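Take a look at the structure below.
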Amino acid sequence: MQCVDMLVIQGMSLKILWRLHQPLKRTQACGFALRTLNRLNSVTANRLNRTTLASSASTQNLLKDWRNCHTGLHNHRCFLPRGVCQRPHFEMLTPLNLKSKTWSLQMRLQSTTNATKSVLKQGGMLGKRTFKGPRTKQPSRTSQPSLEEDMMQCIAYATADQYHLPTLCHDLIAHGFVEIKEFPRDASNVLVMGTENAAKPYDSGTIFIFREGSVVFWNVEEKTVKTVMRILEQHEIQPYEVALVHWENEEINYTVGESNSKLHRGIFLFNEELDYDQVVLEKFAFSNALSLSVKLAIWEVSLDNFVESIQSIPEMLKSGQRVKLSRAEVMQKIGELFSLRHCINLSSDLLITPDFYWDREDLEQLYDKTCQFLNINRRVKVVNEKLQHCTELTDLMRNHFSEKHSLRLEWMIVVLITIEVMFELARVIF
């Protein structure tokens, strides 16, 4: 019985060593080794449990046979071509350390799997775009603590360059929303809608939709917010990326109390004694600043993408390499840059206070305080400095191509003059 056990163990061990020295792929080798070692481990354990080694002499003979088998296979090891997995040099396998070898291989495979899972968890799915830190002051995140009982939420998004407000208004009314018409006529760039689906009963749900492509929700339940966002998609002009919209947003809590309306420690406070129309105007002032912040955040992301697209040009110029941009591509970059400057400095209210607040000092104070809290002025200054640097770089590239074009024209003129002189000489000689 002992001889039979020894022959079985020796045969399976020879099979392992022979297969591990064949030019298999790495994954096939690891899988075969693990399956075979597990099977050999179970067979060895069962047989050794039934029959122990009778004497030290038989044990020494068994170890000698294993050593001879390992030496023979090691001497016949061949070198594999490049690209084929080279089998590692295994130590001498014996029934006494076979279980430890199997356990070591299992732990190594388990550690590799855990490391792969850790990398995927930290870096996300392969090919998935990841954004930098948000530019907004207080973006909404799922990790935020739950609100207090009397606290309500105000969330702002920027989803597109513009909205078509007339058709959007009809579409929202058809879905059960109510337009608030008691609003000053000089605020023609905003659509104010009311909804019965309020998140909390302390205040009514209100939605401010700005023509410039931003929307602000006041105490609106999450399901209704998603419904409005789907409706907005049908009336957007130049929509933004969905992931970017939800990444660059603003969320500020607000409550109703006895004091005057103000922004205190990142929270909007409304006076409960004010009538509904005055509360709507104050919400508009806060919403106007929030909409500017989210729009500026989108433009900041666009500027960062533009900077990344041209960041290799200074290094190429420094090292004396040829810039791999054509004249058309440079002109396209200049167009992108001036379009971004036009959006920030000309077509928006980032640099000046809107005319709506000139005869409404109380609302202007709320608007200015919110802009100051959101760091809008400082962010605009930084963006303009970056734009100025990018403008200088694009002007340098444009001048470079202009000089190359002028030099090419000069050489063409020289060649033409040379050809004309040669024709004149030839006519004179002949």
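Across the stretch 399-415, coupling constants 3J(HN,Hα) worked out from phi with the 6.51/-1.76/1.60 Karplus curve, θ = phi - 60°, read 5, 4, 5, 5, 5, 5, 5, 5, 5, 5, 5, 4, 5, 5, 5, 4, 5 Hz, and Gly and Pro carry x.
At a 10 angstrom cut-off on C-beta neighbours, averaged per residue, how do the peptides 407-420, 173-186 rank from highest to lowest?
Values: 407-420: 10.0, 173-186: 12.0.
In descending order of packing, they fall as 173-186, 407-420.
For the stretch 184-195, putting each phi into the Karplus relation 6.51 cos²θ - 1.76 cosθ + 1.60 with θ = phi - 60° gives couplings of x, 6, 6, 9, 7, 8, 9, 10, 9, 10, x, 9 Hz, in residue order, rounded to whole numbers and with x for Gly and Pro. Phi-derived couplings, Karplus 6.51 cos²θ - 1.76 cosθ + 1.60 at θ = phi - 60°, listed residue by residue for the stretch 205-213: x, 10, 10, 10, 10, 8, 4, 6, x Hz, with x used for Gly and Pro. Taking amide H positions as modeled 1.01 Å from N, with prolines and chain starts lacking one, the residues under 5 Å from Phe268 and 5 or more places away or on another chain are Asn253, Tyr254, Thr255.
Going down the table (Lys200/Lys381; Lys181/Lys226; Lys283/Lys381; Lys200/Lys295), which pairs top 30 Å between alpha carbons?
Lys200/Lys381
When peptides 380-393, 152-165, 283-296 are ranked by their average number of other Cβ atoms within 10 Å per residue, the highest-first order is 283-296, 152-165, 380-393. Short-range pairs are left out: with C-alpha atoms under 8 Å and at least six residues apart, the relative contact order of the stretch 139-276 is 31 percent.
Peptide packing for 324-335, 212-223 was compared via the average number of neighbouring C-beta atoms within 10 Å per residue; ordered from the highest value, the list is 212-223, 324-335. Relative contact order of the stretch 299-429, taken over Cα pairs closer than 8 Å and 6 or more residues apart, is 32 percent.
Since every read-out is calculated from the coordinates, none of them should be taken as a lab result. Keep in mind it's a predicted model, so treat the numbers as computed, not measured. Note that we place each Cβ from the backbone using ideal geometry, even for glycine, and neighbour counts take in every protein chain shown.
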